[in-house]
Ligand code: GLA
């Protein structure tokens, strides 16, 4: 090309450059419209995925009937309307492989395609679970040696999400390669499938999970319905914020809200912290038997908006004094979400200094759980925070 340009002279070379760039642009537009250019669907998981997963409450009691009832409840409880759309089947659905090696569900799931159709008919999405090892964590059939076949099967059933749990693959070989194998297999199906890695943060998963196609990845061990386990996981995310962003999220594990092991203040801490962390909001309770208090914690639109903010910045800690912590998350509209946390015993005052969140001297404060504007304040704002509780604020620059 360059030698021809020399012969044609400057005018001709400009024309070639002009028409060349037009052709290149058209090809790019065509490719992106047709989806051929998709490496990892760029519209997938632009905000942290929201939904329900069977494991925390139902474990191996999950069944077709349970999943249908939870899908119904997501709609009737109002959860769908605030963003919870993924209905995720965790471990214990797998049966055996047929003669050709295709995985079949066990007797609790008579027809996976019909179940997916049912969930889709409610305007929801559905997900499934497997392992790169020969066995899942619960001892059910894993995808080892059948990765492409399994990905094709999930796509044929209409699955929109896969949680891929290390389990028996641990010690068997190169984890990164194993997760890439399934990531590639999912892409090859041509179906848009959220890819959730679950390898408990081993080998600093946050550093490579997105490169193998991951949209979210667990950063630590399993959550339990216990304040100390939940808070170790949640507050322990500090420092991982650089790895999260639209399409790729750190996952401190699913929510335990409503399962009965924590107080209302502790569950409020759980929800607030996960939202400040831009963590996936995957509920793990029985939505069909949820009380009003649980529903209020899970469906506060202003709190959820912090999690789902389009900037997709994971929040971080800005101050710690013993058991008292202040966390912040910058938001698209220029305001800042702030969590005042008390991890200690008894109510205590916690203060946010506006300069620490880049807001100057004067700021306007709203309490997101109380749904109340608290007014303008100078320099700082102090709230009394209950034991193991939180006060969650949205702060805007004052005029
Ligand atoms: C692991 C995962 C859990 C759950 C179980 C299922 O422990 O971390 O989230 O999927 O396996 O067996």
Quiz item: Projected area of segment 77-122, taken from the Cα convex hull and averaged over every viewing direction, in nm²?
Solution: 4.2 nm²
Quiz prompt | Coarse-grained scattering of the chain at q = 0.06, 0.07, 0.08, 0.13 Å⁻¹, given as base-10 log I(q)/I(0) from a Debye sum over alpha-carbon atoms | solution = -0.28, -0.38, -0.48, -1.05
Quiz item: How far is the Cα center of segment 45-111 from the Cα center of segment 186-224, in Å?
Solution: 18 Å
Quiz item: When 384, 294 are ordered from fewest to most other Cβ atoms inside 10 Å of their Cβ, what list results?
Solution: 384, 294
Quiz item: Fewest first, what order do 313, 395, 126 take by the number of other Cβ atoms within 10 Å?
Solution: 313, 395, 126
Self-check item: Estimated FRET transfer efficiency when R0 is 22 angstrom, pair residue 188-residue 111 (beta carbons, to 0.05)
Solution: 0.30
Quiz item: Across every pair of different alpha-carbon atoms, what Kirkwood hydrodynamic radius in Å does segment 157-281 reach?
Solution: 15.2 Å
Quiz item: Reported to two decimal places, what Rg/Rh ratio describes segment 241-345 when computed on Cα atoms with Rh from the Kirkwood expression?
Solution: 0.97
Quiz prompt | Ascending count of other beta-carbon atoms within 10 Å, so fewest first, for 211, 77 | solution = 211, 77
Quiz item: Any idea what diffusion coefficient segment 195-269 gets from Stokes-Einstein, in µm²/s, Kirkwood Rh on alpha carbon pairs, 4 °C, 1.567 mPa s?
Solution: 100 µm²/s
Quiz item: For segment 86-209, what log10 I(q)/I(0) values come out of the Debye formula at q = 0.22 1/Å, with one point per alpha carbon and no solvent?
Solution: -1.37
Practice problem: Give the distance, in whole Å, between the Cα centre of segment 140-182 and the Cα centre of segment 347-379. | Solution: 46 Å
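Every number here is computed from the coordinates shown, using simple stated rules; none is lab data. Please read all numbers here as calculations on a predicted model, not as lab measurements. Reconstructed Cβ throughout: ideal geometry from the backbone, glycine too, with neighbour counts over all protein chains shown.
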